[in-house]
Amino acid sequence: MPILNPLPNNPILFTLKGQFTKHWPFFLGLAVSLFLFSLAVTQLDFSFYPGDLIDARFNLYLLETSFQLWFVFIQGLNYLAAYWFLQKVFNDSWAAACGALLFCCSLGLQSQMAHAQVFARFPIPLMLGYLYLFNQSHRLKHLYAALLFWVWQWYCGIYLGFLSLMVFVLGFALSFFNKGYSVFKSNSRWYKIGLLCLPLVGLLAVLPLAIPYLQRARQVSMHAYPLVADSIPTLWSYFSSWKGSLFWDVLFGWYTHVPAYWDHMIFPGMMAWGGIAFWMFRALKNPRKSNLFLLLIFLGLFVSVLRLGDYSIYKLWYQVPGFASMKSLGRIINVHLIFFGAGLAYALQTLNQRFPQKRTLMGILCMLFLVLDNYVQPDNIHRREKHLSLQRINKICFELQKYPLAKIFSYEPLHPEGLGADYQLDAMLAAQRTGKTCINGYSATSPGAFTPYWTLPNEANRNYWLKASGVKIPNLIVLH
């Protein structure tokens with residue numbers, strides 16, 4: 001009697017096999033994303049971390065030894081969320097995989113490597129996806145799901161929380177004028193109440209995080225608009241490239257005459273621009289079949305955060321409470337990239353529909369060109385070797401061994417060669433490792449009396465800070 005094999009007819013395995021067959025470009029794109037971007041930064045032995053000795057190590061301090069793994073894990077979440085959104089919109093696994101790859105690995109992200117607060121971007125595609133569904137259905141559950149992911153992005157990072165709020169507002173406004181008002185007018189009382197309560201729900205959701213920032217805002221002033229204006233990208237910012245790319249070093253270094261020019265190096269790659277150009281061209285020819293809703297959000301956002309000479313629509317957004325806290329508007333590239341990814345996905349979907357028998361070949365070629373278009377030579381990636389930081393920390397830990405009973409110390413190098421923040425973080429990380437307490441500290445800003453010590457830790461500045469704080473520390477150990 002032949003042995004019966006139930007597996008071929010198992011509905012669960014059949015479904016899983018079907019889903020894998022349909023979405024296998026997702027796994028290929030994820031692998032490329034991790035190796036092209038995340039592991040290119042850390043290396044396989046995790047000997048590097050993204051960023052510099054200051055902000056990157058501050059995140060290292062907060063996350064203890066898990067910062068590098070967090071960086072890789074976040075990359076995976078970013079890719080997964082972008083793939084879900086693009087698959088929902090275009091229903092093409094190759095288009096979604098390539099668009100998600102662009103979102104996660106664009107050359108424009110190299111200038112963002114020092115800002116770990118913008119690494120977690122996965123709520124943005126999810127928010128945009130539910131705004132897209134709301135525009136189609138005008139169902140409150142989709143709108144509140146979009147709000148949930150905006151709140152999530154807010155908790156991932158304040159900068160992207162504010163910038164993604166612009167996407168939310170633009171998306172909701174377009175939806176409201178696209179049959180949304182008539183749906184609102186003709187719907188039930190509960191629907192109207194639910195829609196009108198949306199801003200209040202959003203405000204209450206972000207309030208626990210906003211309260212400490214409001215308290216801090218009372219101690220330091222917001223950024224004046226002229227200072228903010230210098231950071232608003234110009235059209236040329238999108239054609240200023242990070243150094244070390246395979247093809248685009250001709251775009252590096254020519255735009256260094258502007259203030260904080262490194263934040264203006266947000267060239268997203270030529271395939272990103274090609275996808276957007278194709279999307280806009282097709283939209284002009286056939287608006288109904290070009291996902292005009294998403295394209296209009298992108299154009300509204302792009303123009304809103306664009307400076308032409310001394311003029312920018314962003315000056316209006318600057319008046320919104322909280323927006324004046326931001327001074328590096330080049331970070332908008334982190335939001336733009338989901339739209340650049342959508343443009344590329346739209347272009348590839350159009351080709352796949354025209355040549356369906358060659359969709360696998362075109363998908364693989366698209367990924368290959370994305371790798372070549374956005375590849376950065378490892379020596380030019382904005383990162384630091386972990387062992388250099390460990391050497392600095394080990395030096396302090398070794399000195400602390402001479403004082404086994406000491407509980408509080410101050411680190412004040414006699415001949416500082418770097419920024420004061422470098423040494424503040426050396427002390428913080430050494431204190432974390434040894435379980436002792438240091439009076440050194442670092443954050444984005446500082447109390448006024450602490451600033452001299454923050455800038456240059458020495459005896460005079462330390463005493464000034466302690467006197468202003470009304471604090472006396474007996475048996476304080478001072479390390480040099």
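Among the residues of segment 112-134, count how many are within 12 Å of the chain's Cα centre (by Cα) and open to solvent by less than 10 Å² (accessible area, probe 1.4 Å). Result for segment 112-134: 9. Among the candidates Trp94, Trp84, the residue that is open to solvent by 10 Å² or more (accessible area, probe 1.4 Å) and either basic (Lys, Arg) or at pLDDT 95 or above (or both) is uniquely Trp84.
Annotation note: of Phe46, Phe14, the sole residue that is open to solvent by 30 Å² or more (accessible area, probe 1.4 Å) and modelled with pLDDT of 90 or more is Phe46. Just a yes or no: is a residue in segment 323-339 modelled with pLDDT of 95 or more, part of a helix (DSSP H, G or I), open to solvent by 40 Å² or more (accessible area, probe 1.4 Å) and on the phi < 0 side of the Ramachandran plot? For segment 323-339, residues modelled with pLDDT of 95 or more, part of a helix (DSSP H, G or I), open to solvent by 40 Å² or more (accessible area, probe 1.4 Å) and on the phi < 0 side of the Ramachandran plot: absent.
Restricting segment 178-195 to residues that are within 26 Å of Leu296 (Cα to Cα), over 30 Å from the mean Cα position of the chain (by Cα) and among the hydrophobic types (A, V, I, L, M, F, W, C), the residue that is surrounded by the most Cβ atoms within 10 Å (Cβ to Cβ) is Val183. Taking each residue of segment 69-91 that is in contact (Cβ under 8 Å) with a residue 40 or more places away in the chain and assigned to a helix (DSSP H, G or I) and looking for partners that are open to solvent by less than 20 Å² (accessible area, probe 1.4 Å) and among the charged types (D, E, K, R) with beta-carbon atoms closer than 6 Å, six or more apart or interchain, yields Asn78/Arg121. List the number of the failed condition for Ile232; all other conditions in (1) surrounded by 18 or more Cβ atoms within 10 Å (Cβ to Cβ); (2) part of a helix (DSSP H, G or I); (3) not charged (D, E, K, R) hold. (2) is the only condition that Ile232 fails. State whether one or more residues within segment 359-374 are over 23 Å from Leu30 (Cβ atoms) and touching a helix residue (DSSP H, G or I) at 6+ places or on another chain (Cβ under 9 Å). Looking through segment 359-374, none of the residues is over 23 Å from Leu30 (Cβ atoms) and touching a helix residue (DSSP H, G or I) at 6+ places or on another chain (Cβ under 9 Å).
Check whether at least one residue in segment 98-107 is surrounded by fewer than 20 Cβ atoms within 10 Å (Cβ to Cβ) and at pLDDT 95 or above, and report yes or no. Within segment 98-107, not a single residue is surrounded by fewer than 20 Cβ atoms within 10 Å (Cβ to Cβ) and at pLDDT 95 or above.
Reported count of residues in segment 239-252, each being in contact (Cβ under 8 Å) with a residue 40 or more places away in the chain and open to solvent by less than 40 Å² (accessible area, probe 1.4 Å), is 4.
If only residues of segment 286-305 that are assigned to a loop (DSSP other than H, G, I, E, B) and in contact (Cβ under 8 Å) with a residue 12 or more places away in the chain are counted, the one that is most open to solvent (accessible area, probe 1.4 Å) is Asn291.
Return a yes/no flag: does segment 206-227 have any residue that is open to solvent by less than 50 Å² (accessible area, probe 1.4 Å), within 26 Å of His264 (Cβ to Cβ) and assigned to a helix (DSSP H, G or I). Within segment 206-227 (the criterion being open to solvent by less than 50 Å² (accessible area, probe 1.4 Å), within 26 Å of His264 (Cβ to Cβ) and assigned to a helix (DSSP H, G or I)), the answer is yes, since at least one residue qualifies.
Of Ser175, Ser164, Ser137, all but one fail to be among the polar types (S, T, N, Q) and open to solvent by 40 Å² or more (accessible area, probe 1.4 Å); the exception is Ser137. Only residues that are of a type in the set (A, V, I, L, M, F, W, C) and in contact with a helix residue (DSSP H, G or I) (Cβ under 7 Å, 6 or more places away or on another chain): list them for segment 453-472, please. Scanning segment 453-472 gives Trp454, Leu456, Trp465, Ala468. Pairs are defined by a Cβ separation below 6 Å, a sequence spacing of at least 6 or placement on different chains, a first member in segment 122-142 that is within 20 Å of Gly341 (Cβ to Cβ), and a second member that is among the hydroxyl-bearing types (Ser, Thr, Tyr); the pairs so defined are Ile124/Ser164; Asn135/Ser175. For segment 266-282, the condition of being over 16 Å from Leu109 (Cα atoms) and under 19 Å from the mean Cα position of the chain (by Cα) holds for none of the residues.
Of all the numbered requirements in (1) assigned to a helix (DSSP H, G or I); (2) open to solvent by 30 Å² or more (accessible area, probe 1.4 Å), Phe37 misses one, and that requirement is (2).
Within segment 264-284, residues that are among the charged types (D, E, K, R) have Cβ atoms under 8 Å from residues that are assigned to a helix (DSSP H, G or I) and surrounded by fewer than 24 Cβ atoms within 10 Å (Cβ to Cβ) in these pairs: Arg282/Lys289; Arg282/Thr350, counting only partners at least 6 apart in sequence or on another chain.
Screening Thr434 with (1) more than 22 Å from Pro416 (Cα to Cα); (2) touching a Leu at 6+ places or on another chain (Cβ under 7 Å); (3) at pLDDT below 90; (4) hydroxyl-bearing (Ser, Thr, Tyr) gives one miss only, at (3).
Take the residues of segment 253-285 that are open to solvent by less than 30 Å² (accessible area, probe 1.4 Å) and not in a helix (DSSP H, G or I): which is farthest from Met367 (Cα to Cα)? Among those residues, the one meeting the criterion is Val258. For segment 345-357, state whether one or more residues are within 19 Å of the chain's Cα centre (by Cα) and either assigned to a helix (DSSP H, G or I) or within 26 Å of Val206 (Cβ to Cβ) (or both). No, there is no match, as no residue in segment 345-357 is within 19 Å of the chain's Cα centre (by Cα) and either assigned to a helix (DSSP H, G or I) or within 26 Å of Val206 (Cβ to Cβ) (or both).
The values are calculated or read from the model by the stated rules, or taken from the named source; none is laboratory data. Predicted, not measured: the structure shown is a model, and the values here were computed from it. Here Cβ is always computed from backbone atoms with ideal geometry, including for glycine, and neighbour counts include all displayed protein chains. Surface accessibility is based on the protein's heavy atoms, side chains included, excluding ligands, DNA and RNA. Shrake-Rupley method; radii C 1.70, N 1.55, O 1.52, S 1.80 Å.
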